[in-house]
Amino acid sequence: LRLLPQQRYLQAEKAEVSTLERKRNILYCLITRILKVEKQLHIDNLVFRVIDACQKGESGPGLQFLSFCCHSVDVLSCVLHLLKQGYLRRQE
């Protein structure tokens, strides 16, 4: 038997998954931080506020260096996930 070196593409996939997970966690934090200030906010306004905060690099204390590009689909997906988990409540 011969031990083969670990494939590079597996390492790349792990790094991509880690980056996506970190991005999702930052979006969750931004969503909850915005909603703590604004008790009620239309979902469209929430998405735009989160995108604006991402573009300005307002990710919170200790995360200012994580200015990244986020799309409305990413933010909406996170909002819907938080709704499904029960962290957010939809008002009719």
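Each reported figure results from applying straightforward, stated rules to the coordinates on display, with no laboratory input. Just so it is clear, the model here is predicted, and its values are computed rather than measured. All Cβ positions, glycine included, derive from the backbone under ideal geometry; neighbour counts span all protein chains shown.
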*Extension gain residue 20-residue 71, at 0.36 nm per residue separation less the Cα-Cα distance, in nm?*
17.1 nm
*Hey, what do the phi angles of the stretch 29-46 turn into as Karplus ³J(HN,Hα) couplings, whole Hz, using 6.51/-1.76/1.60 and θ = phi - 60°, x for Gly and Pro?*
5, 5, 4, 5, 5, 5, 6, 6, 7, 9, 5, 10, 8, 5, 4, 5, 5, 4
*Please find the FRET efficiency linking residue 56 to residue 29, where r is the Cβ-Cβ separation and R0 is fixed at 22 Å, and quote it to the nearest 0.05.*
0.90
